Amino acid sequence: MIFCEKSTIIFITEYMSSGSMSAFLQRTRKAGSPLSIKAWKKWTTQILSALNYLHSSDPPIIHGNLTCNTVFIQQNGLIKIGCGNLTVCMTSLTCSMH
């Protein structure tokens, strides 16, 4: 029999005032105000920069689920890549054999 202690993981995130890119684009579409090419270019540059940072890590970090639901926007237009469904990989568990 294997017994593993359950761990509590608390994940604290930054408040992103405009929510996910998906929610923001839905609100924009409903309001009838198209997003400018300048804004798209700024967001694309930020996303690519973040992915470059992750992939350049040693070892490289692969997001694996980059969608409009995992890209978040602040009111000032700053983009952050997040994780909609948190998957935690633990390299060691506190387990004991009984």
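Coordinate-derived values only; no laboratory data. Just so it is clear, the model here is predicted, and its values are computed rather than measured. Cβ coordinates were reconstructed from backbone atoms using ideal geometry, including for glycine residues, and neighbour counts include every protein chain displayed.
PRE reach from residue 54 (point 7 Å along Cα→Cβ): which of the range 64-80 fall under 12 Å by backbone N?
64-72, 80
Just to check I understand the Karplus step: with θ = phi - 60° and J = 6.51 cos²θ - 1.76 cosθ + 1.60, what whole-Hz values come out for the range 62-67, glycine and proline as x?
Couplings: 10, 5, x, 8, 7, 9 Hz.
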